[in-house]
Amino acid sequence: MDILQTIKLAFRGIIDNKLRSFLTMLGIIIGVTSVIGLVSIGQGTTAKVTEQIQSMGANLLTVNIMGRGANTTLSYEQAMEFLKSPYISGVAPIISDSVTVEHGNENEENVQLQGTNEYLPAVRNYSVSSGRFFISQDVDMRRKVAVLGSGIASNLFGFVDPIGQTVKIKGYNFKVIGVMKSSSSMMGSTDEQVFIPITVAERILQSRGVRTIYIQAAGKEAVSSAKTEISTKLDKIYRVKSEDENYAYRIFDQSEMLDTINETSKTMTMMLGGIAAISLLVGGIGIMNIMLVSVTERTREIGIRKALGARKIDILNQFLIESLVLSGIGGVIGVAVGYLLSWGLGKAFSMSTKTTLPVVLIAFGFSIIVGVFFGIYPANKAGNLKPIDALRYE
């Protein structure tokens with residue numbers, strides 16, 4: 001018997017028992033849907049967290065100064081010494097405080113004032129929506145200029161263009177030269193912040209120095225070297241003799257955090273996929289049970305076919321193809337439902353989901369493997385039936 005005739009007989013067996021075939025496929029459908037849905041949620045969450053970290057800035061190193069003894073900060077000049085390193089492309093020291101910003105009869109309380117320099121937009125991946133950020137001349141000449149967060153600009157000026165207007169901070173008048181583009185990351189939002197030159201901030205805030213420095217490595221491959229050079233210079237400043245005694249500063253490495261989160265997310269995604277794959281195995285067991293029932297019901301048919309010359313391989317192929325078709329159709333439906341489920345969950349609960357082709361192929365491939373694996377035993381049982389015993393079966 002040729003393979004085409006075997007396939008036709010397999011499909012006829014499925015069509016003759018539509019409800020039973022659907023119920024058999026249901027386990028596969030649920031399994032594939034679960035795998036795609038859960039893994040899509042895991043991958044979407046990973047992509048979202050990765051995006052959040054990368055939005056903080058490319059190749060970012062954050063240095064937090066605690067100091068030792070009376071020496072608890074760095075001067076602006078000391079902080080800018082890091083820029084001399086060939087492994088560092090940008091240095092943005094920060095002096096911050098909570099202030100009230102006023103304009104006319106409007107005022108905003110508890111605004112985060114950030115004194116920094118011209119490198120901040122590049123280092124932290126910030127951008128302005130209108131006007132400009134301050135430049136080196138603004139910092140060097142201690143110009144009283146300010147760049148407002150989008151939320152502050154909206155609250156103080158409404159629909160009026162704030163560029164060129166004046167705001168009062170700590171009793172001093174500042175000219176607004178720019179408005180930041182709305183942005184948020186794991187390290188906060190710029191919407192409720194005001195940026196001024198660090199040289200001006202030192203005076204009006206009466207700051208004793210810098211405690212936070214954002215540093216951009218010259219490239220991904222330069223991050224480790226930049227980190228080492230920063231540590232070496234700070235060790236000399238604070239006389240740190242060993243890493244175990246280092247309480248003077250901490251260096252936050254964005255790439256290390258990203259690697260850790262990615263590894264954790266991959267483990268969680270694999271665990272979710274493994275849990276969902278259990279339902280696929282259950283579906284495979286269901287296929288085996290139904291195929292065994294089918295073999296029992298069609299014992300006389302098998303006997304007649306064997307009496308007419310059908311070989312064991314023909315009978316085995318027929319039942320194996322039935323199992324394969326059931327799992328294949330169930331897999332296709334499961335892929336479609338899984339994609340719709342992940343999309344629906346993303347829309348309904350504002351979740352980040354990401355359905356990728358490898359996940360779809362793995363889930364579908366696994367459903368085929370399950371169908372073949374659990375179809376082998378019933379098919380082999382059918383193929384081993386002796387014609388005389390099959391014909392006597394009532």
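What follows is calculated from the coordinates using simple rules that are stated; it is not laboratory data. Everything numeric here is computed off the predicted structure, so don't read it as measured data. Here the Cβ is made from the backbone with ideal geometry for all residues, glycine too, and neighbour counts use every protein chain on show.
When DSSP beta bridges are restricted to pairs lying wholly in the stretch 67-247, around 75% turn out antiparallel.
Arranged from highest to lowest average of other beta-carbon atoms within 10 Å per residue, in what order do the peptides 334-342, 69-77, 150-158 appear? Show your work: numbers first, answer last.
Values: 334-342: 20.9, 69-77: 14.0, 150-158: 19.2.
Output ranking for 334-342, 69-77, 150-158: 334-342, 150-158, 69-77.
Taking only the C-alpha atoms, wrap a convex hull around the chain and report its volume per residue in Å³ as a whole number. Numbers along the way, then the final one.
On the way: hull volume 79.3 nm³, N = 394.
Measuring per residue, one finds 201 Å³ for the Cα hull of the chain.
In this structure, the amide hydrogen of K181, modeled 1.01 Å from its nitrogen in the peptide plane, lies closer than 5 angstrom to those of S127, V128, S129, counting only residues at least 5 positions away or on a different chain. Taken one residue at a time, the phi angles of the stretch 326-336 give Karplus couplings (6.51, -1.76, 1.60, θ = phi - 60°) of 4, 6, x, 5, x, x, 4, 4, x, 4, 5 Hz. Gly and Pro are set to x. DSSP bridge analysis restricted to the chain gives an antiparallel fraction near 80%, rounded to the nearest 5.
Across the stretch 75-85, computed HN-Hα scalar couplings (Karplus, 6.51 cos²θ - 1.76 cosθ + 1.60, θ = phi - 60°) run 6, 4, 5, 5, 4, 6, 4, 4, 5, 6, 6 Hz from first to last residue, x flagging Gly and Pro. Highest mobility in the GNM of the chain, judged by mean-square fluctuation with C-alpha springs under 10 Å and restricted to F319, F82, F349, is found for F349.
Taking the empirical scaling 2.2 N^0.38 Å for compact globular proteins as reference, the stretch 204-336 has a Cα radius of gyration ratio of 2.33.
Of the peptides 189-202, 359-372, 226-239, the order by per-residue mean of other Cβ atoms within 10 Å, starting with the highest, comes out as 189-202, 359-372, 226-239.
Partner lysines whose Cα lies under 30 Å from the Cα of K144, excluding those fewer than 8 positions away in the same chain, are identified as K84, K168, K170, K175, K181.
Taking the average, over residues, of other Cβ atoms within 10 Å as the packing measure, peptides 210-218, 106-114 rank 210-218, 106-114 from highest down. In the chain, helical runs assigned H by DSSP with n ≥ 4 each contribute -39500 (n - 2.57); averaged across all residues and rounded to the nearest 500, the mean residue ellipticity at 222 nm is -18500 deg cm²/dmol. Across the stretch 284-299, computed HN-Hα scalar couplings (Karplus, 6.51 cos²θ - 1.76 cosθ + 1.60, θ = phi - 60°) run x, 4, x, 4, 4, 4, 5, 5, 5, 4, 4, 4, 4, 5, 10, 4 Hz from first to last residue, x flagging Gly and Pro. Selection among P93, N105, A363 by position relative to the dipole of the chain gives A363 as farthest towards the positive end (Cβ unit charges, Cα centre).
Could you work out how far the C-alpha centroid of the stretch 94-147 sits from that of the stretch 230-301, in angstrom? Between the Cα centres of the stretch 94-147 and the stretch 230-301 lies a distance of 41 Å.
With coordinates expressed along the principal axes, the C-alpha atoms belonging to the stretch 171-231 extend over 44, 30, 19 Å, beginning with the largest. Each 5 Å bin from 0 upward holds the following percent of the Cα-Cα pairs of the stretch 67-247: 1, 8, 16, 19, 18, 15, 10, 7, 4, 2, 0, 0.
Between the helical axis of 357-383 and the longest alpha-carbon principal axis of the chain there is an angle of about 20 degrees.
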